[in-house]
Amino acid sequence: MEKFDVAKTSPTMDRPSTPTTFASAPVEESAKGTADKLKLNFYLPHEVAHDEEEVDMVLVPATTGDFGILPGHVPTVSQLRPGVVSVHLNDKDVKKYFVSSGFAFVHADSTADICAIEAVPVEQLDGDAVRKGLAEHQAKFTNAKDDFEKANAQIGIDVCNAMVAALDAK
Amino acid sequence: MSAAAKNSAAYWRIAGMSYLKYANACGEVVRQSLKEPFLTQAKARETVYYKMTKYAEGKAGQSVITEVLPK
């Protein structure tokens, strides 16, 4: 380019464009390494439970087994089963939610997204109602006429069992 | 659905349920097992209604709720 500046025919002539002029800045790996906090987004259709909140760890119940998300976790997408999501805000505070189902996404930049239809703090669950529901769904299961009804009852049994487990563990 | 997918699929999928149906069924069970006053709040979320507004000569008329679900 120095040679171009010397040899250019008119002083107002622009330097020619090269491919690097149009290329975006190269992605540089952060020198800091992984973040020490996890950024959590926990979204429900009717509520935002956590929005870009910095937390230590999140434990989620996936269909393939429970797993914990720490900062620097490999990116994954996993389907959740009915169960308890524990959000470790810091060393002392742990928030426990019961999620009906949904998905968890982990991004490369230490961000985790959790989406669920229903998520309620475990202490908002009524033990008696859960046990009553379990008995109802079990009765529905034995009286089911077709596969669809049977599956519906099975869902009820699974969710109630998960809620009983969540309440017992508390 | 292919045979291999059917073998590994969940029971609700085999029964012909979509994921949305499954997820909503799970959500409903959770909503029913809440303590008061959260139960009433959750029940209110469950309701969906259709509102209709008729436009005449470019102006909105009165809006009427035509249907409330579940009945």
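In which sequence would B:T66, A:T12 go, from the one with the fewest C-beta neighbours within 10 Å to the one with the most?
Details: B:T66 9, A:T12 5.
Listed from fewest to most nearby Cβ atoms, that is A:T12, B:T66.
Run the simple label-point estimate for A:A7 and A:F67 please: 7 Å along Cα→C-beta, distance reported in nm.
For the pair A:A7/A:F67, the computed spacing is 5.8 nm.
Go ahead and set up a Gaussian network model of chain A, Cα springs under 10 Å, then flag whichever of A:I155, A:I114, A:I69 fluctuates most.
A:I155
By how many degrees, between 0 and 90 and to the nearest 10, does the Cα long axis of helix A:127-143 differ from the longest principal axis of chain A?
80
Counting only other chains, what is the mean number of Cβ atoms within 10 angstrom of the Cβ of each residue in peptide A:116-128?
What the average comes to for A:116-128 is 5.
Work out the P(r) tail for chain B: percent of alpha carbon pairs separated by more than 15 Å, whole number.
It works out to 71 percent of all Cα pairs.
From the square roots a ≥ b ≥ c of the eigenvalues of the alpha-carbon gyration tensor of the range A:38-122, which class results: rounded (a/c under 1.5), prolate (a/b over b/c), or oblate?
Since a/c stays below 1.5, the shape of the range A:38-122 is classed as rounded.
Suppose the chain between A:R131 and A:T20 were pulled fully straight at 0.36 nm per residue; how much longer would it get relative to their current alpha carbon spacing?
Full-extension gain reported as 33.3 nm.
Take the alpha-carbon centre of the range B:41-71, take the same for the range A:117-169, and report the distance between them in whole Å.
Their Cα centres are 32 Å away from one another.
Counting only other chains, and only Cβ atoms inside 10 Å, what mean value do you get across the residues of A:74-80?
1
Per-residue ellipticity at 222 nm for the protein assembly as shown, helices alone: DSSP H runs ≥ 4 residues times -39500 (n - 2.57), over residue total, nearest 500 deg cm²/dmol?
Helix-only estimate at 222 nm: -10000 deg cm²/dmol.
Just A:P11, A:P61, A:P71 to compare: in a GNM of chain A, with alpha carbon springs under 10 Å, which one fluctuates most?
Highest fluctuation among the options: A:P11.
Using the Cα centre as the reference, give the magnitude of the dipole from point charges on the C-beta atoms of the range B:3-69 (Lys, Arg: +1; Asp, Glu: -1; all else neutral), rounded to the nearest 20 debye.
About 140 debye.
So how tilted is helix B:19-32 from the main axis of chain B? Cα-based, degrees 0 to 90, rounded to 10.
Around 80 degrees separate the two axes.
Quick one: order A:S24, B:S18 by neighbouring beta-carbon count within 10 Å, fewest to most.
A:S24, B:S18
In what order do A:Y43, B:Y49, B:Y19, A:Y97 fall by count of nearby beta-carbon atoms within 10 Å, going from fewest to most?
B:Y49, B:Y19, A:Y43, A:Y97
Could you work out which residue, out of A:H46, A:H107, A:H88, moves most in a Gaussian network model of chain A, that is, has the largest mean-square fluctuation with Cα springs under 10 Å?
Most flexible of the set in this elastic network: A:H46.
Among DSSP bridges having both ends in chain A, what percentage is antiparallel? Round to the nearest 5.
Looking only at bridges with both residues in chain A, the antiparallel portion is about 85 percent.
Under 1.5 on a/c is rounded, so check that first for the range A:90-170, then, if it is not, pick prolate when a/b is larger than b/c and oblate when it is not; a ≥ b ≥ c are the square roots of the alpha carbon gyration tensor eigenvalues.
In terms of gyration-tensor shape, oblate.
Only the coordinates and a few stated rules stand behind these numbers; no lab work does. Note that the structure is predicted; figures quoted are calculated from it, not measured. Cβ sites come from the backbone with ideal geometry, for glycine too, and all protein chains shown count toward neighbours.
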